[in-house]
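The values are calculated or read from the model by the stated rules, or taken from the named source; none is laboratory data. This one's a predicted model, so the numbers in the text were calculated from it and none came from an experiment. Here the Cβ positions follow ideal geometry from the backbone for every residue, glycine too, while neighbour counts run over all protein chains shown.
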């Protein structure tokens, strides 16, 4: 638990600002701010990423610009789940995945 | 007769020298000292530990007594009463099972390592130490808990859509075996198993529990994912045999817990060695030290070794865990020690856990 790698992918604080953004402060004090559309366009579920080829099918460009996060819940100890306003609810965003896609300038977004 | 009255702060200052060996803090700042009373030259207080199964209970009692006797002048007698209150790790309210403080999953890489036998004995041992314990048989397809823990009162569904758990040896029991008795198999696809586990977890009237032990099916499947996604599991125990092939497969289960951020309480080695009932010789059928070595390499606590003992099997077949049937036997003592080590790890985790919630800003 105490290792540096663990701290990087363990949230210390999770904040939700209305439906527009989710902010995670990580165990290493880094902060990631995720917009609703950014998250929706990086949903890791099997409808958004092809199960057979692993190729992303739904990109941020396909998502309505005004999409919001209706609800956010913790999944066990390891992930977040979002109810998006476009009715999409199947993604489970593991903490290490969220850290990988941190959109800040230093992390520069990771895989889209 | 001492001219000066003994004060509470003198006693508390003396007790600040007594450290909890696991939490690395003194028992006063941990708020373990309760009901402090000074009656003339006699001092009495409770030391409220984090588990009744604490393996260092007697040591802490003696250290507390000595600390006050030696550091506070005028004291003629110190009466220490050891109590316990199992702490709940801080997790979001909505996901908790009401009244359940700690959820401990017992898993293994493959079947046949004695996972259910270990789970029943850990549960019975913790209950005997005074803790409130529940045992959920999550092995939906091969439920064995109803056989290994003979319950005079099986679990039953109530009219209000909840389930009244069974009970045996002070342990509250729930198993699919109660709902589908006899030799009727459950022939279910994954989604049914998922639903069944969610229901048994959330609709059973567990009441107040210090520990809910969840006996998982072997391997890494639907049931495991459902468990870690439905409730905040405090941590997991991996049961393994010393055999390397067994361990390599145990690694998969271990990695699954790591990936889903379930804390590992440790590895317990079952069928460690065989003691010949005729000559008393010790035979290490599956090799020796495999699990201890693996836990060292992984930095995970080693919870102990349990021998391959005919008595464990016979009592399990009779429906009575060996820690109840033959508490003085070497096997029962090994299992009691493992339960104590587990309770210790749960207490440490309950203190370390940071609260995680989603805050609206």
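Restricting attention to segment B:149-161, the residues being crowded, with 24+ Cβ neighbours inside 10 Å and not in a loop (DSSP other than H, G, I, E, B) number 0. Would you check if residue B:213 is under 24 Å from residue B:339 (Cα atoms), in contact (Cβ under 8 Å) with a residue 24 or more places away in the chain and out of contact with any helix residue (DSSP H, G or I) (no Cβ under 9 Å at 6 or more places or on another chain)? So residue B:213 does not fit the description; no.
Restricting to segment B:167-201, what's the tally of residues that are more than 20 Å from the chain's Cα centre (by Cα) and surrounded by 14 or more Cβ atoms within 10 Å (Cβ to Cβ)?
Looking only at segment B:167-201, we keep the residues that are more than 20 Å from the chain's Cα centre (by Cα), and these are B:176-199.
Filter again for surrounded by 14 or more Cβ atoms within 10 Å (Cβ to Cβ), leaving B:176-180, B:186, B:188, B:193-194, B:196-199.
Residues flagged as more than 20 Å from the chain's Cα centre (by Cα) and surrounded by 14 or more Cβ atoms within 10 Å (Cβ to Cβ) within segment B:167-201 amount to 13.
When the strands (runs of 3 or more DSSP E) confined to segment B:264-361 are screened for residues that are within 14 Å of chain A (Cβ to nearest Cβ) and within 16 Å of the chain's Cα centre (by Cα), those reaching at least 1 such residues are found at B:264-275. Going residue by residue through segment A:92-112, is there one that turns out to be in contact with a helix residue (DSSP H, G or I) (Cβ under 6 Å, 6 or more places away or on another chain), within 14 Å of another protein chain (Cβ to nearest Cβ), under 11 Å from residue A:40 (Cα atoms) and surrounded by 11 or more Cβ atoms within 10 Å (Cβ to Cβ)? No - not one qualifying residue is present in segment A:92-112. On inspection, residue A:24 passes the criterion of being surrounded by 16 or more Cβ atoms within 10 Å (Cβ to Cβ), closer than 27 Å to residue B:232 by Cβ and under 11 Å from the mean Cα position of the chain (by Cα). Yes or no: segment A:62-72 includes at least one residue that is modelled with pLDDT of 90 or more, in contact with a helix residue (DSSP H, G or I) (Cβ under 6 Å, 6 or more places away or on another chain) and within 13 Å of another protein chain (Cβ to nearest Cβ). Scanning segment A:62-72 turns up at least one residue that is modelled with pLDDT of 90 or more, in contact with a helix residue (DSSP H, G or I) (Cβ under 6 Å, 6 or more places away or on another chain) and within 13 Å of another protein chain (Cβ to nearest Cβ).
To keep it simple, each residue is scored yes or no on (1) outside any helix (DSSP H, G or I); (2) within 21 Å of residue B:323 (Cα to Cα); (3) touching a strand residue (DSSP E or B) at 6+ places or on another chain (Cβ under 8 Å); (4) touching a residue at least 24 places away in the same chain (Cβ under 8 Å).
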| residue | (1), (2), (3), (4) |
| --- | --- |
| B:101 | yes, no, yes, yes |
| B:110 | yes, no, no, yes |
| B:116 | no, yes, yes, yes |
| B:139 | yes, no, yes, yes |
| B:177 | no, no, yes, yes |
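Of all residues in segment B:122-129, none are touching a residue at least 24 places away in the same chain (Cβ under 8 Å) and closer than 12 Å to residue B:204 by Cβ. If a residue has to be in a loop (DSSP other than H, G, I, E, B), within 14 Å of residue A:82 (Cβ to Cβ) and more than 14 Å from every other protein chain (Cβ to nearest Cβ) to count, how many in segment A:10-43 make the cut? Going through segment A:10-43 one residue at a time, the tally reaches 3.
Buried (at least 20 other Cβ atoms within 10 Å of the Cβ) and either modelled with pLDDT of 85 or more or outside any loop (DSSP other than H, G, I, E, B) (or both), is that true of residue B:11?
Values: buried (at least 20 other Cβ atoms within 10 Å of the Cβ): yes; either modelled with pLDDT of 85 or more or outside any loop (DSSP other than H, G, I, E, B) (or both): yes.
Judged against the criteria, residue B:11 is a match.
Within segment B:231-248, being crowded, with 20+ Cβ neighbours inside 10 Å and either outside the structural domain of residue B:296 (by TED's automatic domain parsing) or out of contact with any helix residue (DSSP H, G or I) (no Cβ under 7 Å at 6 or more places or on another chain) (or both) holds for B:241, B:246. Counting only residues that are buried (at least 21 other Cβ atoms within 10 Å of the Cβ) and touching a residue at least 40 places away in the same chain (Cβ under 8 Å), which one in segment A:75-91 is nearest to the other protein chains (Cβ to nearest Cβ)? Restricting to residues being buried (at least 21 other Cβ atoms within 10 Å of the Cβ) and touching a residue at least 40 places away in the same chain (Cβ under 8 Å), the top hit is A:80. Residue B:228 passes every criterion in (1) surrounded by fewer than 22 Cβ atoms within 10 Å (Cβ to Cβ); (2) within 14 Å of chain A (Cβ to nearest Cβ) apart from (1).
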